[in-house]
Structures are given as C-alpha cells and as structure tokens.
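Enquirer: Sharing a structure with you now.
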Amino acid sequence: MIVRILGEGQLTVDDALSTELNELDAKLQAALNAGDEKAFRRALAGLLSRVRAAGTPIAADSLEASDVILPYSEASMDDVRALLTDDGLIPG
Amino acid sequence: MSVVKRVSMIFKAKANKALDRMEDPRETLDYSYQRQLEMLTQVRRGVADVATSRKRVELQMNTLQQQQDKLDRQARQALGGGREDLAREALTRKSALQGQISDLQTQYQSLQADEEKLTAASQRLQAKVEAFRTQKETIKATYTAAEAQTRIGEAVSGISEEMGDVGMAVQRAQDKTAQMQARAGAIDELMASGALDDVTAQPNDDIQRELDQMGGGHDVDRELAQMKAEIGGGEAPREIEGSAPGAPGTTSNGQAGQAADQPQTGDGA
C-alpha cells in the first residue's frame, strides 16, 4: 500500500505491516481520546518512524494517490483535530 | 473510526473537492495544471521566506555571539589586572546573553529544517507537475472523452493530494516564519531602543571604561616611574644638556632644568 506522511512524501509499505500499523494507530487514538499530549506525541513518533523504516519512498514523478495519509511529524493533538474538521485546512 | 482512517478520508476528500467542478473532464486537466503551477510558485516563495528568516536569525545570533566574546575578553583582561569584581560582572553579563543565544539557535535549527523540508517538497511537486504535463497531453491526444475521464481522475487525484500536502506545509512554514519574524523584530527593536543594551552593550561600556581606566592608570604609574628614574638617574643630564644652550631660564622647564643642572654644569665646564 502507499502511505503518505504529510510534509514528507509517499512511501510504499508492505501490506503485511498493516496489523502492526493498526496497533500503533489505536495507541494514537487512545492518547487523543485521553487528551494526553505526551502519549500522543510518542504514539505519532512511533507510528511515523515505523513507516519510515519499513517503507520505500516512491518515485517523485509518480502520480499515484495514497491509501493511507498520516499526520505530519510535528503535529500536536490540536493540529490533528484540525485535520479532522471539514473546512479550511487545505489551502486553495 | 481510527485517527489515521479519518485523517486519510477527510484529507483526500478535501484535496479532490476543488476538481469536481469542471463539466468537460479535459478542462479539469488544464485547470489542475494551472493550479499546480501556482502552487509551485507558492512553495518556492515559501522556501525564500524561510531562508530570509533563517538569515536574519543568523545575523542576530552572530551579533549576540560577538557581545559574548567581547565580555569574555573583558573578563580575562580584568582578571589579568587583578580586578576580580569586574571580571565577575563581565561573566555574569555574558551568561545572561546565553539564554537569548540558545533561543535563537533553536529557532535557527527549526527554520533550517523547514527550509530543507520545503525544498524537498518543492522538488517533489516539480517532478509531479512535469509528469502530469506529459500525461495531460497524452490523455488529450489519445483518449476519447469517456476513457479520458478515468485516467484524468487517477492523475488528478494523485497530484491533488500532493498539492494539498504542499499547500499545508507552506502554510505551516509561513505561520511559523511570521511568528519568528515577530520575535526577531522584537529583538531588533530592543537592540535599537537600547533596552537590550542594559544587558549587553551598555554594561560592556561600563566594564570597558573601567578597564580603560585601569589600563590608563598603569600607564600613568609607568610613566611616573620612568620620569622619577630619569630625573634621579644618569639619563636625565643628556636631555637637559640638549635644551640648556637654547634658552637658559626662559621657561619653567628651563628653570627646573637649570636647578637640576646646577651640580652638573661644573662637571661639564
């Protein structure tokens, strides 16, 4: 599958990794629900570094859409909440 | 639904929203391409803005670093002259500057990282825009309207996602740059108003003045000692002999010379 890390670009990640990524995603969700910024930052860093380590960057001139889109590395809980709102986040 | 699934879904929906409007799908290609070129300009401008900001922070960092070096030199100078109190004052002021410098260093690194990220994003987008342009011409030339629609959808959604991402990255960098510019502006203003001088430049002057006085004092002592030696020792007669024939008794110098000369003139005659 193709994963985009916002601000960093797209990577191809083996589908076999999805179980592990789902677990990391669940941690992220739990931290967000609990409003625990520290745990959230840790979970996001863990998720992104796993994807970076396991993925292969795709060619810059590829026009493929991603299957999964991950928040940018410095995103706070508020930033991610903003990503989940309906308006305004993507300019233009 | 998980965070990642929601982010993915909403992001893609937003990225593609702008492109559903065209009646003729081929128009969508041209419209998208125009948007891509605009976005490229925008991201390049973003890179330039961040670079400008970074250079400004660098200049301020250098200025404060120079102040710090100066205080360090002054401390050494003061200590060499036996003025530990002055050395302590200089070092105290030097350490007060460290906070400012560390803060600027953090800003600098952050801006540098942003600049690198945006530069990379700009290159990625550039490559994709090139690829899109080629594909756009192929689609227009080769496919029927019905076939084209699917291919256009694929090409456009891929690049729309990239544009949404780059657009956000530029926005984030600009927000951050604006904040840092405001802080850098505040430091510039402080420097200009002299308020920061109370911590840096002004005290330096105090210390420097004292150091100068200290140095000056030494010079006076040295000169005095030298004069005493001259008057009391064997050096003195030669100089006085030189001036004596010109105007004996006409100046106070001459008088003093004569007075000191008295016991020796007999020797000379």
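Enquirer: For a label point 7 Å from the Cα of A:D61 along Cα→C-beta, name the residues of segment A:1-19 whose backbone N is under 20 Å from it.
Expert: Within reach of a label on A:D61, which here means backbone N under 20 Å from a point 7 Å along Cα→Cβ, segment A:1-19 contributes A:9-12.
Enquirer: A further question on this structure: How shielded is B:104-113 by partner chains, expressed as the average number of their Cβ atoms within 10 Å of its Cβ atoms?
Expert: Mean partner-chain Cβ count within 10 Å for B:104-113: 0.
Enquirer: I've got another one for you. Take the alpha carbon gyration tensor of chain A, find the square roots of its eigenvalues, order them as a ≥ b ≥ c, and report rounded if a/c is under 1.5; if not, report prolate when a/b exceeds b/c, else oblate.
Expert: oblate
Enquirer: Moving to a separate point now. Where Rh is the Kirkwood radius over the Cα pairs of segment B:1-95, the temperature 10 °C and the viscosity 1.306 mPa s, what D in µm²/s does Stokes-Einstein return? Intermediate results must be reported in sequence, preceding the final value.
Expert: On the way: Rh = 19.1 Å.
In µm²/s, the coefficient rounds to 83.
Enquirer: Mind jotting down the distance between the C-alpha centroids of segment B:124-154 and segment A:1-50, whole Å?
Expert: So the two Cα centres are separated by 32 Å.
Enquirer: Treat the count of other C-beta atoms within 10 Å as a stand-in for reagent exposure and order A:M1, B:M39 from fewest to most.
Expert: Starting with the residue having the fewest Cβ neighbours, the order is A:M1, B:M39.
Enquirer: With r defined as the distance between the Cβ atoms of B:R26 and B:D69 and R0 fixed at 45 Å, what FRET efficiency is calculated, to the nearest 0.05?
Expert: My answer for the efficiency is 0.10.
Enquirer: I'd like to know which of B:L118, B:L37, B:F11 lies farthest towards the positive end of the charge dipole of segment B:1-120, counting +1 on Cβ of Lys and Arg and -1 on Cβ of Asp and Glu.
Expert: So the residue furthest toward the plus end is B:F11.
Enquirer: Of the DSSP beta bridges with both residues in chain A, give the percent that are antiparallel, rounding to the nearest 5.
Expert: So the antiparallel bridges amount to about 65 percent of the total.
Enquirer: Let me ask something additional. Using Cβ counts within 10 Å as a stand-in for footprinting exposure, how do B:R76, B:R93, B:R44 rank, fewest first?
Expert: B:R76, B:R44, B:R93
Enquirer: Based on the Cβ-Cβ distance of A:N22 and B:N16, what FRET efficiency does E = 1/(1 + (r/R0)^6) give at R0 = 30 Å, to the nearest 0.05?
Expert: For R0 = 30 Å, the calculated efficiency reads 0.75.
Enquirer: May I ask you to list the lysines whose Cα is less than 22 Å away from that of A:K38, ignoring any residue fewer than eight positions away on the same chain?
Expert: The reachable lysines, counting only those whose Cα sits under 22 Å from A:K38, are A:K27, B:K5, B:K176.
Enquirer: Here's a follow-up. Please arrange B:M168, B:M227 by how many other C-beta atoms lie within 10 Å of their C-beta, fewest to most.
Expert: B:M227, B:M168
Enquirer: What number do you get for segment B:85-199 when its Cα radius of gyration is normalised by 2.2 N^0.38 Å, N = residues? Could you put the intermediate results ahead of the total?
Expert: Numbers: Rg = 25.0 Å, N = 115, 2.2 N^0.38 = 13.4 Å.
The value comes to 1.87.
Enquirer: Apply 1/(1 + (r/R0)^6) to the Cβ-Cβ distance of A:R52 and B:A145, taking R0 = 45 Å, and write down the FRET efficiency to the nearest 0.05.
Expert: Efficiency at R0 = 45 Å is approximately 0.60.
Read-outs: derived from the displayed coordinates by stated rules, not from any lab. Remember, predicted model here, so these are calculated numbers, not experimental data. Counting neighbours? That spans all protein chains shown, and the Cβs are built from the backbone with ideal geometry, glycine included.
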